[in-house]
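Here the structure is laid out as structure tokens; the discussion comes afterwards.
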Amino acid sequence: MTEDWSQLNIPKRRPRPEESTRKLGQLVDQFLAPALERRQQQTDPVIETWEAIVPPGLKQQCRLKTFDRGQLTVAVRSPAFMYEFQLCSQALLKEMQDRCPRAGIKRIRTVLG
């Protein structure tokens, strides 16, 4: 039983998946771009306002960690600065709400970090 292998139509190598991978990546970018742009438009004013209103001595001891669903989380270096930050957090929250009404900031949460 001798078969002629030259008659079979077998490709010598697989086609590279680069084309489909690139297209998938473009689809993901197109899908995520509007959501990321909206998120950036919401957070940019929050960051700018934060930089403008937090006292310089306190700003060196804390940083914005997250902003999610109206909650601004601030990481503070030590318990002493956490206490100091909490003393002025209501005034900072009011100022943030006044300057960034579209961001919908409802609460400032402090964590050690």
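The values are calculated or read from the model by the stated rules, or taken from the named source; none is laboratory data. All values derive from a computational prediction rather than experimental measurement. No Cβ is skipped: glycine too gets one built from the backbone with ideal geometry, and neighbour counts run over all protein chains shown. SASA here: full protein model, heavy atoms, side chains in, ligands and nucleic acids out. Shrake-Rupley method; radii C 1.70, N 1.55, O 1.52, S 1.80 Å.
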Check: When you scan region 75-87, how many residues do you find that are touching a helix residue (DSSP H, G or I) at 6+ places or on another chain (Cβ under 8 Å) and either at pLDDT 95 or above or over 13 Å from Trp50 (Cβ atoms) (or both)?
Finding: 3
Margin query: Anything in region 23-46 that is touching a residue at least 12 places away in the same chain (Cβ under 8 Å) and within 12 Å of the chain's Cα centre (by Cα)? List them, or say none.
Written below: Gln42, Thr43
Next item on the list: Residue by residue through region 79-113, note down the ones that are touching a residue at least 24 places away in the same chain (Cβ under 8 Å) and assigned to a helix (DSSP H, G or I).
Entry: Pro79, Met82, Glu84, Phe85, Gln86, Cys88, Leu92, Glu95, Met96, Arg99, Arg102, Ala103
Notebook entry, point to check: Could you count how many residues in region 31-78 are open to solvent by 100 Å² or more (accessible area, probe 1.4 Å) and assigned to a strand (DSSP E or B)?
Noted result: 2
